[in-house]
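Remarks on the structure that follows.
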Amino acid sequence: MRFLPLAITLILGTRLSVIDHRLHRLPNRDVAAMTVVLLVAIVLQVDAQLAWRAVATGLASASAYAVVYLVSRGQFGMGDVKYAVPLGLVLGFYSPDAWLVAVMLSFALSAAVSVALLALGRLSLRDRRAMTSAGR
């Protein structure tokens, strides 16, 4: 049962990734459903204090992403901010002390992929969405 939140994240996260790749958006109801399912799975496994830490981590992750969204001038989408909530829940469940490192690593990985796509000529500095350009 300890791996249930991870399994949920892998299954529903993969589904959301496919939707995002096709539509370039994350539907609110799907992200909300993933959040609720994860929250129930977490609450059923741990005591209230640990569940609250997971919720706090989810909100902290969304807050960090919201700041980036506000300063990114359109290079960062609101879907990223919404999706940070369920991912933060999972981070908070497994390792709440590592959430900031995980958030920073996600940005570093994104930067590395963008640099690679730039080097390969599949992305230009004028592109607004990396996936649109990468699919050329």
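The values are calculated or read from the model by the stated rules, or taken from the named source; none is laboratory data. Predicted, not measured: the structure shown is a model, and the values here were computed from it. Backbone-built Cβ (ideal geometry, glycine too); neighbour counts: all protein chains shown. What goes into the accessible areas is simple: the full protein's heavy atoms, side chains included, and nothing from ligands, DNA or RNA. Shrake-Rupley method; radii C 1.70, N 1.55, O 1.52, S 1.80 Å.
Could you tell me what percent of the accessible area of segment 1-103 is made up of carbon and sulfur, with a 1.4 Å probe and every protein chain present? Present the calculation step by step, with values, prior to reporting the outcome.
Numbers: 4130 of 6080 Å².
Of all accessible area on segment 1-103, carbon and sulfur atoms account for 68 percent.
Rounded to the nearest 500, what is the chain's calculated 222 nm mean residue ellipticity when only DSSP H runs of at least 4 contribute -39500 (n - 2.57) each, over all residues? The helix-only estimate for the chain comes to -25500 deg cm²/dmol at 222 nm. Ligands, DNA and RNA are left out, and with a 1.4 angstrom probe the accessible area of the chain is 64 Å² per residue.
Quick check on segment 1-100: take the gyration tensor over C-alpha atoms, sort the square-rooted eigenvalues as a ≥ b ≥ c, and tell me if it's rounded (a/c under 1.5), prolate or oblate. Taking the square roots of the gyration eigenvalues as a ≥ b ≥ c, segment 1-100 is oblate.
What FRET efficiency would be calculated for the residue pair residue 118, residue 71, taking the C-beta separation as r and a Förster radius of 30 Å, to the nearest 0.05? Could the numbers behind the result be given before it?
On the way: r = 21 Å, r/R0 = 0.71.
Using R0 = 30 Å, I get an efficiency of 0.90.
If you take the Cα centroid of segment 96-118 and the Cα centroid of segment 21-56, the two points sit 21 Å apart.
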